[in-house]
Amino acid sequence: MKSSGELIGAIDLFHFDPMTENCEVGYTIGYDWWNKGYGTEALSAVIEFGFKTMNIHKISAAHNTDNPASGKIMSKVGMQKEGTFKHMIRNAKNQYKDCAVYGLLQEDYINRVN
């Protein structure tokens, strides 16, 4: 938080592929800050940086299908659902979970913000 300097979450671009110029984005937000717009604000800023500063071609993200709110954040910033991977992750309870995968191309981002 700007006001207190308290860490409320994390966001990162990772898995850069130099051949395709694609990468992934992942984020987490503390429960006390859910549904306050911070996820959308952070993802929007990182996507803008990735496309405008780093010249990334495509940014992808995935979320556990048990957490549809994360998919709403992805949709709000222009990412489109591309499919679902079965048993993509294993949670802390050792359960396999499906993940919805989203993506956004640089050209679609540019067209959306202009």
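The values are calculated or read from the model by the stated rules, or taken from the named source; none is laboratory data. The structure presented is a predicted model; accordingly, all values stated were derived computationally and were not measured. Using ideal geometry, Cβ is built from the backbone for each residue, glycine included, and neighbour counts are taken over all protein chains shown. In case anyone asks, the SASA skips ligands and DNA or RNA and just uses the protein heavy atoms, side chains included. Shrake-Rupley method; radii C 1.70, N 1.55, O 1.52, S 1.80 Å.
Of all residue pairs spaced 6 or more apart or on separate chains, those with beta-carbon atoms under 6 Å, a first member in the range 27-50 that is closer than 15 Å to Ser75 by Cβ and a second member that is open to solvent by 90 Å² or more (accessible area, probe 1.4 Å) are Thr40/Lys76.
Considering the range 81-111 alone, what residues qualify as being polar (S, T, N, Q) and either under 20 Å from Phe14 (Cβ atoms) or over 17 Å from the mean Cα position of the chain (by Cα) (or both)?
Looking only at the range 81-111, we keep the residues that are polar (S, T, N, Q), and these are 84, 91, 94-95, 106, 111.
Within the range 81-111, Asn91, Asn94, Gln95, Gln106, Asn111 qualify.
Restricting the first member to the range 65-84 and to residues that are on the phi > 0 side of the Ramachandran plot, and the second to residues that are open to solvent by 80 Å² or more (accessible area, probe 1.4 Å), the beta-carbon pairs closer than 8 Å and six or more apart or on different chains are Gly78/Arg112.
A search for C-beta distances below 9 Å between a residue of the range 10-25 that is under 16 Å from Leu105 (Cβ atoms) and any residue that is of a type in the set (Ser, Thr, Tyr) and not in a loop (DSSP other than H, G, I, E, B), counting only pairs 6+ apart in sequence or on different chains, returns Asn22/Ser60; Cys23/Ser60; Glu24/Ser60; Val25/Ser60.
Go through the range 11-114 and tell me which strands (runs of 3 or more DSSP E), entirely inside it, have 1 or more residues that are under 25 Å from Met1 (Cβ atoms).
Working: elements: 22-29, 58-64, 80-90, 96-105.
Fully inside the range 11-114 and qualifying: 22-29, 58-64.
Let me confirm something: among Lys72, Lys97, Lys52, Lys86, which residue is loosely packed, with under 12 Cβ neighbours inside 10 Å and out of contact with any helix residue (DSSP H, G or I) (no Cβ under 7 Å at 6 or more places or on another chain)?
Numbers: Lys72 fails: loosely packed, with under 12 Cβ neighbours inside 10 Å; Lys97 fails: loosely packed, with under 12 Cβ neighbours inside 10 Å; Lys52 fails: loosely packed, with under 12 Cβ neighbours inside 10 Å.
Residue meeting the stated conditions: Lys86.
Could you list, in sequence order, the residues of the range 18-40 that are surrounded by fewer than 12 Cβ atoms within 10 Å (Cβ to Cβ) and of a type in the set (Asp, Glu)? Matches in the range 18-40: Asp32 only.
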